[in-house]
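Chemist: Here it is, the structure in full.
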Amino acid sequence: MTDKSSHKLILASASPRRVDLLAQLGIKPDEIIPADIDEAPLKGELPRALALRLAQGKAQAVAEKHEGAYVLAADTVVGMGRRLLDKAHGADDVKRYISAMSGRRHHVYGGIALITPEGQMISRVVDTLVQFKRMSDFEIEQYVQSGEGEGKAGGYAIQGLAESYIKFISGSYSNVVGLSLYDTMQILNGVGFIKKA
């Protein structure tokens, strides 16, 4: 029986939000190694499937070069029906996404994948339902000007000004931030991961 506490935990993500979320669990990754994979959706790929594929792909890419470690990867994808609301690459994207979501519900899909030191992969998708209030043109413009939504899936970060526009949320709040703490802990506990003091 191997000593589970002797294995490193690698976070395959450059997201500072995921580092902060893990810290809430008392977990500090031994290494942070962003995975370099093509994140473009496949033709006809639905948002939920994309979130899972990207999380699994990131975990595999890092695990291949770091055998004998726990590798944790995650990806967040926002979808409205079959429509994917990708990472916002600028103010125009943010405005388009927020305008589309105004007054409507959307899903935030969080793909989580863990590869154990033995090479086993455990993965799941967490689905959180979110609804923005019907926003005025002024409120949309105010949010765009804040710059908060740039670089974020769906064009917003819930842990900021956007939260004041969110009327309804069903499911994991931390999933919308970037990593479901409940599901991550369930996966880690399930494989016998032991936090190092």
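Chemist: Can you give me the ranges of the strands (runs of 3 or more DSSP E) entirely in segment 54-137 with at least 2 residues that are touching a Gly at 6+ places or on another chain (Cβ under 7 Å)? Steps first, please.
Modeler: Values: elements: 70-80, 83-85, 105-115, 121-132.
Strands (runs of 3 or more DSSP E) meeting the threshold: 70-80, 105-115, 121-132.
Chemist: Same structure, new question: Which ones in segment 145-155 are more than 13 Å from the chain's Cα centre (by Cα) and buried (at least 23 other Cβ atoms within 10 Å of the Cβ)? Even if it seems obvious, please write down each step before you answer.
Modeler: First pass over segment 145-155, keeping only residues more than 13 Å from the chain's Cα centre (by Cα): 145-150, 155.
The answer is 149, 155.
Chemist: Of the conditions (1) touching a His at 6+ places or on another chain (Cβ under 7 Å); (2) assigned to a helix (DSSP H, G or I), residue 22 clears all except one; give me its number.
Modeler: (1)
Chemist: Return the total of residues in segment 101-139 being in contact with a strand residue (DSSP E or B) (Cβ under 8 Å, 6 or more places away or on another chain), among the hydrophobic types (A, V, I, L, M, F, W, C), surrounded by 16 or more Cβ atoms within 10 Å (Cβ to Cβ) and over 13 Å from residue 184 (Cα atoms).
Modeler: So the answer is 4.
Chemist: Okay, next question. Would you point out the residue of segment 100-119, among those that are closer than 15 Å to residue 156 by Cα and hydroxyl-bearing (Ser, Thr, Tyr), that is nearest to the chain's Cα centre (by Cα)?
Modeler: Applying the filter and picking the extreme gives 109.
Chemist: Checking residue 53 against (1) over 30 Å from residue 145 (Cα atoms); (2) touching a residue at least 60 places away in the same chain (Cβ under 8 Å); (3) buried (at least 20 other Cβ atoms within 10 Å of the Cβ): exactly one of these is not met. Which one?
Modeler: Of everything listed in (1) over 30 Å from residue 145 (Cα atoms); (2) touching a residue at least 60 places away in the same chain (Cβ under 8 Å); (3) buried (at least 20 other Cβ atoms within 10 Å of the Cβ), residue 53 misses just condition (2).
Chemist: A further question on this structure: Filter segment 161-197 for residues that are in contact with a Gly (Cβ under 7 Å, 6 or more places away or on another chain) and assigned to a loop (DSSP other than H, G, I, E, B) and give the result.
Modeler: Of everything in segment 161-197, those that are in contact with a Gly (Cβ under 7 Å, 6 or more places away or on another chain) and assigned to a loop (DSSP other than H, G, I, E, B) turn out to be 179, 180, 195.
Chemist: Being in contact with a Lys or Arg (Cβ under 8 Å, 6 or more places away or on another chain) and in a loop (DSSP other than H, G, I, E, B) is the filter; apply it to segment 9-19 and report the residue that is nearest to residue 174 (Cα to Cα).
Modeler: So, considering only residues that are in contact with a Lys or Arg (Cβ under 8 Å, 6 or more places away or on another chain) and in a loop (DSSP other than H, G, I, E, B), the one nearest to residue 174 (Cα to Cα) is 13.
Chemist: Now, a different point. Do you know which residues across segment 41-80 are closer than 19 Å to residue 119 by Cβ, in contact with a helix residue (DSSP H, G or I) (Cβ under 6 Å, 6 or more places away or on another chain) and not small (Gly, Ala, Ser)?
Modeler: Residue satisfying the conditions is 71 alone.
Chemist: Looking at the structure I just gave you, is residue 83 basic (Lys, Arg) and out of contact with any helix residue (DSSP H, G or I) (no Cβ under 9 Å at 6 or more places or on another chain)?
Modeler: On the way: basic (Lys, Arg): yes; out of contact with any helix residue (DSSP H, G or I) (no Cβ under 9 Å at 6 or more places or on another chain): no.
No; evaluated as a whole, the condition is false for this residue.
Chemist: If you check every pair at least six apart or on different chains, which have Cβ atoms under 7 Å apart with a residue in segment 155-183 that is over 12 Å from residue 132 (Cα atoms) first and a residue that is of a type in the set (A, V, I, L, M, F, W, C) and assigned to a loop (DSSP other than H, G, I, E, B) second?
Modeler: 155/88; 176/158; 177/158; 181/25
Rule-based calculations on the coordinates, nothing more; no lab input. Remember, it's a predicted structure, so these values are computed and weren't measured experimentally. As a convention, Cβ positions derive from the backbone with ideal geometry for all residues, glycine included, and neighbour counts pool all protein chains shown.
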